[in-house]
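Inspection log for the structure reproduced underneath, given as C-alpha cells.
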Amino acid sequence: MSDFLQPRSLAQALEERAAHLEYQLLAGGTDLLVASKDRLPLLGMIDLMSVSELSGIEEVAGGGLRIGATTSYSKILDSEAIATRFALLHKACREIGAAQIQARGTLGGNIATSSPVGDSLPALMALDAQLELASTRGKRTVPYREFLRGYRKVDMAEDELIVAILLPAQPEGAFHYWRKVGTRRAQSISKLMIAAVGSVQDGKIASAKISLGAVADRTIRLYEVEKAIVGQKPGPETAAIAKEVVRASITPIDDLRSNAEYRLSTAENLVARFVLGLASTVGTTQSPSSAKKNK
Amino acid sequence: MKIEVTINGEKRQVETAGHRRLLDVLRDEFALFGTKEGCGEGECGACTVLLEGEVVNSCLIAVGQVNGKSLTTIEGMADGQTLHVIQQALIDFGGAQCGICTPGVALCAKWALEKEPNASKERLRELMSGNICRCTGYQAIVDAVVSAQEGADS
Ligand SMILES: Cc1cc2nc3c(=O)[nH]c(=O)nc-3n(C[C@H](O)[C@H](O)[C@H](O)COP(=O)(O)OP(=O)(O)OC[C@H]3O[C@@H](n4cnc5c(N)ncnc54)[C@H](O)[C@@H]3O)c2cc1C
Ligand code: FES
Ligand code: FES
C-alpha cells in the first residue's frame, strides 16, 4: 500500500522529504501524473499542495516579489502586481496549457521538471529570478541561471524543495517582450520562445536581458547579445548587430519539431524585433533628468 | 487513507489509496459515471470537474488532494429533473453528439460564465480551449454557451 503524505507546514514537509527520499513530490500533478500514468503503483507521494505557506504572492523590500513554489498559473495571472511590473511572466503564463492546466499547474513544478520547452523558464531567466530552496539542512538562495545544469538537470539535492521564486524589481517603464513560436496557441509544445526585458535612457539601450527557450538542451541567456547592444541606439542598425551576434553565439538543437537553421533564423528575427520594440519605447521611458530637460 | 469529500453538496467518504486518480475514484467508488476519460493526459478535458469552483482535469488529480474539499461533477449540474441552462442549450443547439466531451464542456462553460459573465465569444473559446470535441466542430457548442450567457443576462 503506497503512502500519501500531506504535511501541513514547510517544516513538516522538509522532515517528511528527508525521511522518504524515494517518495515523489506532488504539486499540481500536471507533469507527474501524466508521466506516472502507466507505471506501477508508486512507493509514496508527498503532497505539497497541502502546505499553505508554499503558495501565494507577496511584496518584498525594494520593489520585488516573492512567489510561493506551489502558486498556480491562474493565481499568477490574477495578480495585478505581476501583470503590471513583471509583465514578462504574465505573458508567458498566459500561454501555458488551457484553463484546467492553469488552475493546477504550478511555477515550482515547471522549474523542477525543467523541460527545455517549459514556458515560464525563459521569463524567469530574463527577469533575473532567484530560487529559494530548503531542506532540513537549511535554506539557500540560488540565481535561476545557475540552477539550470543541463538537459532536465537542476542544482537541487534529493532532500531539497523549491520553496519560492524571488523576482527583483525591474527598471521602471521597461519593455517586456515575449513570443512563443509554435504550431498551436494553446497546449502546444513550443518550438521556440523568447523572453526579454530592456530599458532605454537618453536614446540609448540602458539594460537588456534576453533569454531563449527550446533552442538548446536548456533555457539560455544571450549575454553576448546583451553586451553588444547595451549603450547602442535602439533601431535597425543595432538590430542587425544583434542578429549577427545571435548567429555567432548559439548552436540550436536539431530535432523533429523544427530544424536547427529554422530555429537560428527565428531566434535572430525575434531578437531583432525586441531591439526594434525597444526603439518604439523611446520617449516613454526617459530618465528623470532627461524628462525634466524636455519640459 | 480515509477521504472525506463533498460532492455536489453531499458529504461522501471513501477508504482508498491517496495517489489514485480522482477520475477513477469518482467512477469506481462513487459510481458517478458522468465524468469521462478521454486521453488520461490532461489534453482533452473529458474528465473535467469543478474543485472548489475551479475547473480541473480529474485525470491529473490524486484523490488524496481533494480530502476535505468540495467538488461539482456533471451529476450536480441539473436541479432534479430540470436541466441547467447550459445543458439545455447544448441540446437545443446540437452541441452534444456522441456525448463523450459533453460533461466536461458543460462544466467548463459553467465555470467560464461564472468567472467572466461578459466574456466575448472569442474569450469563451479561449477559456474552453481545454475541452476537445471530435464531433461538433465547436460552432454549435459556442452558440449554445453564448445563448446560455444571453439567457442569464435577461
Ligand atoms: C495538457 C498539458 C498542457 C501543458 N502545457 C504546457 C505549456 O504550454 N507550457 C509549459 O511550460 N508546460 C505545460 N505543461 C506542463 C505542466 O503543466 C507544467 O510544467 C507545470 O508547471 C507543472 O507543475 P505541477 O505543479 O503540475 O507539477 P507536478 O506534476 O506536480 O510536478 C512536476 C515535477 O516537479 C516536482 N516538483 C513540483 N513542485 C516541486 C517543489 N516545490 N520542489 C521540488 N520539486 C517539485 C515534482 O516532484 C515532479 O517531479 C502542460 C501539461 C499538460 C498535461
Ligand atoms: S481524460 Fe483527463 S484530460 Fe483527457
Ligand atoms: S460530442 Fe462527441 S466529442 Fe464532443
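The values are calculated or read from the model by the stated rules, or taken from the named source; none is laboratory data. For clarity, every value in this text was computed on a predicted model and none was experimentally measured. Quick reminder, even Gly has a Cβ in these numbers, built from the backbone with ideal geometry, and neighbours come from all protein chains shown. Heads up: the accessible areas ignore ligands, DNA and RNA and are worked out on the full protein's heavy atoms, side chains in. Shrake-Rupley method; radii C 1.70, N 1.55, O 1.52, S 1.80 Å.
Within the stretch A:55-66, no residue that is exposed (fewer than 13 other Cβ atoms within 10 Å of the Cβ) sits with its Cβ atom under 7 Å from a residue that is among the β-branched types (Val, Ile, Thr) and not in a loop (DSSP other than H, G, I, E, B) at 6+ positions apart or across chains. Restricting B:Gly68, B:Gly42 to residues that are open to solvent by 50 Å² or more (accessible area, probe 1.4 Å) and facing another protein chain (nearest Cβ under 10 Å) narrows the list to B:Gly68.
Those residues that are open to solvent by less than 60 Å² (accessible area, probe 1.4 Å) and within 16 Å of ligand 2 (Cβ to nearest atom), I need them from the stretch B:74-108; list them, please. The answer is B:Ile74, B:Gly99, B:Cys101, B:Thr102, B:Pro103, B:Gly104, B:Val105, B:Ala106, B:Leu107, B:Cys108.
The single condition among (1) of a type outside the set (D, E, K, R); (2) touching a residue at least 60 places away in the same chain (Cβ under 8 Å); (3) crowded, with 16+ Cβ neighbours inside 10 Å; (4) more than 9 Å from chain A (Cβ to nearest Cβ) that B:Gly53 does not meet is (3). All conditions in (1) in a helix (DSSP H, G or I); (2) surrounded by 19 or more Cβ atoms within 10 Å (Cβ to Cβ) hold for A:Gly118, with the sole exception of (1).
Evaluating A:Pro116 against the criteria (1) more than 9 Å from chain B (Cβ to nearest Cβ); (2) modelled with pLDDT of 95 or more leaves one unmet condition, (2).
Would you confirm, using the coordinates I've provided, whether B:Leu113 is outside the structural domain of B:Gly45 (by TED's automatic domain parsing) and within 15 Å of ligand 2 (Cβ to nearest atom)? No, not satisfied.
So is B:Lys110 more than 14 Å from chain A (Cβ to nearest Cβ) and basic (Lys, Arg) or not? Walk me through how you get there before you give the answer.
Values: more than 14 Å from chain A (Cβ to nearest Cβ): no; basic (Lys, Arg): yes.
Criteria not met by B:Lys110.
Within the stretch B:125-146, residues that are within 13 Å of chain A (Cβ to nearest Cβ) sit with their Cβ atoms under 6 Å from residues that are polar (S, T, N, Q) and within 16 Å of ligand 2 (Cβ to nearest atom), at 6+ positions apart or across chains, in these pairs: B:Gly130/A:Gln100.
Residue-by-condition table, conditions (1) within 16 Å of ligand 1 (Cβ to nearest atom); (2) in contact with a Cys (Cβ under 7 Å, 6 or more places away or on another chain); (3) of a type in the set (Phe, Trp, Tyr):
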| position | (1), (2), (3) |
| --- | --- |
| B:Glu54 | yes, no, no |
| B:Cys98 | no, yes, no |
| B:Cys101 | yes, yes, no |
| B:Gly104 | yes, yes, no |
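Got at least one residue in the stretch B:131-143 being under 13 Å from the mean Cα position of the chain (by Cα) and open to solvent by less than 30 Å² (accessible area, probe 1.4 Å)? Give the steps one after another, and end with the answer.
To start, the set of residues in the stretch B:131-143 that are under 13 Å from the mean Cα position of the chain (by Cα) comprises B:131-132.
Then keep just the ones that are open to solvent by less than 30 Å² (accessible area, probe 1.4 Å); that gives B:131.
Scanning the stretch B:131-143, I find at least one residue that is under 13 Å from the mean Cα position of the chain (by Cα) and open to solvent by less than 30 Å² (accessible area, probe 1.4 Å), so the answer is yes.
Among strands (runs of 3 or more DSSP E) lying entirely in the stretch B:1-90, which contain 2 or more residues that are under 19 Å from A:Gln102 (Cβ atoms)?
Values: elements: B:2-7, B:10-15, B:48-51, B:54-57, B:70-72.
Passing ranges, in order: B:48-51, B:54-57, B:70-72.
Residue selection: B:Glu52 satisfies the criterion of being under 13 Å from the mean Cα position of the chain (by Cα) and more than 16 Å from ligand 3 (Cβ to nearest atom).
Could you figure out which of (1) farther than 15 Å from B:Gly130 by Cβ; (2) within 16 Å of ligand 3 (Cβ to nearest atom); (3) charged (D, E, K, R) isn't true of B:Glu43? It fails just one condition, (1).
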